[in-house]
1. Counting heavy atoms of the protein chains only and a 1.4 Å probe, report the per residue accessible area for the chain as a whole number of Å².
2. Can you give me the Kirkwood hydrodynamic radius for the range 263-389, using every pair of distinct Cα atoms, in Å to one decimal?
3. Counting only protein heavy atoms and a 1.4 Å probe, tell me what percentage of the chain's accessible area is made up of carbon and sulfur.
4. Would you please give the residues with an amide H less than 5 Å from that of A312, counting only those at least 5 places away or on a separate chain, with H modeled from the backbone geometry?
5. At what distance in angstrom do the alpha carbon centres of the range 266-307 and the range 316-395 lie from each other?
6. What does the convex hull of the Cα atoms come to per residue for the range 477-516, in Å³?
7. Say R0 is 51 Å: what FRET efficiency, to the nearest 0.05, do V416 and I180 get from their beta-carbon distance?
8. For the chain, what percent of Cα pairs sit more than 32 Å apart?
Amino acid sequence: MLSVTGMTCDHCAASVKQALLSVAGVTRADVSYAAGTAQVEAASDVPASALLDAVRAKGCGAEVAGDSNDGIAPKTGDKLSVAIIGTGSAAFAAAIRAVEEGAAVTVIEAGVVGGTCVNVGCVPSKILIRAAHVAHMQAHHPFPGLAKHEPVVDRKALVAQQQARVEELRHAKYESILEINPGINLLRGFVRFEDAKTLVVHQADGSEKRIVADRVLIATGRSPQIPDVPGLAGTPFWTSTEALVAEETPEHLLVYGGSVVALELAQAYLRLGSRVTLVTRGKLLSKEDPAIGDALKAALIEEGMRVLTDTAVTAVHFDGSAFELDTSAGRVSGDKLLVATGRKPNTAGLDLGRAGIETDETGAIIVDDRLRTSAPSIFAAGDCTNAPQFVYVAAAAGTRAAINMTGGDAVLDISVVPAVVFTDPQVATVGLSEAQANKHGIATDSRTLTLDNVPRALANFDTRGFIKLVADKNTGRLLGAQVLAGEGGEIIQTAALAVWNRMTVTDLAGQLFPYLTMVEGLKLCAQTFTRDVKQLSCCAG
């Protein structure tokens, strides 16, 4: 009997079984993914080492049942041992780089491998949003020569397609990495710190395993934050996780929240046929330039959404079939309720205090620009920290943390971080807004270009939105950009590169941009600092 670690699915078990059967003298191999075991029948002269090597060649850990490496993270020789809590983008980026740097890595996961983005975040939400966009365009496109019709929505089929792609990407980008990389060992269970060097892993069978590692990386991500509203607890409300895989389209969906997740999912369900009422305590996207929230609100209302901003929810009622919300704007009712009021760090059960790890008031782990925590030898990366909550920031942080854990010196520079909200029109930002720049004592000059001045928007018959550039008033250096446009996410990286390279608006205005592209709007907006673009011919440089 062998104990096998690192299997993530039945496919892994089948792969391990085939590897064992290929060993000369093996007559039978029964491998269980659920139990983490392999029962092997072989000739008496087959050494156990041959069986262990066969399993390890498939990227899994193996030992003869009854043997134990309890108390030490798996290592080969004198390799540095690294334990990583979590298996999301930060964790995997760190694991891969740490192995490249010569470390022996154990990743510890209590749930599904892959973290938020691939499983319940970026990937399924963008598939849902894309499907909703296609449905919307069938009835609301701007071309009179094409027949319009209401879409017929099969939500069950959409979810099946969506989840198939989720599973495909999870295997390709996460599970297969474990299969092919023998330097990464997967251990399943819930983790807490016993001290700064020791992790206690509570496994599914009730047993505990202690891991002592030279370095530890915490990459546990975040989960939905549920507000303390009277009557909400115990009701079948949705978080984003349930909303993404719901196989029915609600008749009337109530959405509580006014930021990224709430807005993206509210509009998606509106376009799939639900009536939607959105309630938020403040403005939409309240951390952004106020013009963005105001313009997006107008676009959503025009599309048919009821939007109640600056509205408090004081109580929730559920009668078994419908929700009612008591709000400062009156009572609203619907058959489903989506709560999307923010996300909290997954740090509460880790006993961080035992390791001397400091957090902020939200529970986020405080890290410096090298991803170091307040505890020597312990690092953190991704959404569980006080860094910006984006998957690409998490992955970059994981890689840099691994470099630093293995003796290098890498800094995570978050001075220029582009961000996108996948509503329609999309919200895309980078750098400083006017208010942020002024708060830093920088005198600013700004220009806003409405999209009816962008030729591609005119050709698309979609001129909703604007492009705004913020510059240093004294030097003309570009400080930031705020975009509200159908293709805002495809525009913003060009602005990010301009900010990163300290370009001036004059520099940007003088660049060559392909004609009839939305990104040309950046050039046109830059030109407005010195001229009236309405008086220019097409492509005027």
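1. Normalised by residue count, the accessible surface of the chain is 45 Å².
2. 17.6 Å
3. 52 percent
4. Residues meeting the amide H criterion: S328, A329.
5. Centre-to-centre (Cα) distance: 23 Å.
6. Per residue, the Cα convex hull of the range 477-516 comes to 73 Å³.
7. 0.90
8. Tail of P(r) above 32 Å: 54 percent of Cα pairs.
The values are calculated or read from the model by the stated rules, or taken from the named source; none is laboratory data. Here the structure is a predicted model, which is why all the values come from computation and not from measurement. Using ideal geometry, Cβ is built from the backbone for each residue, glycine included, and neighbour counts are taken over all protein chains shown. Each accessible area value is taken on the protein alone, full model and side chains, heavy atoms only, with ligands, DNA and RNA left out. Shrake-Rupley method; radii C 1.70, N 1.55, O 1.52, S 1.80 Å.
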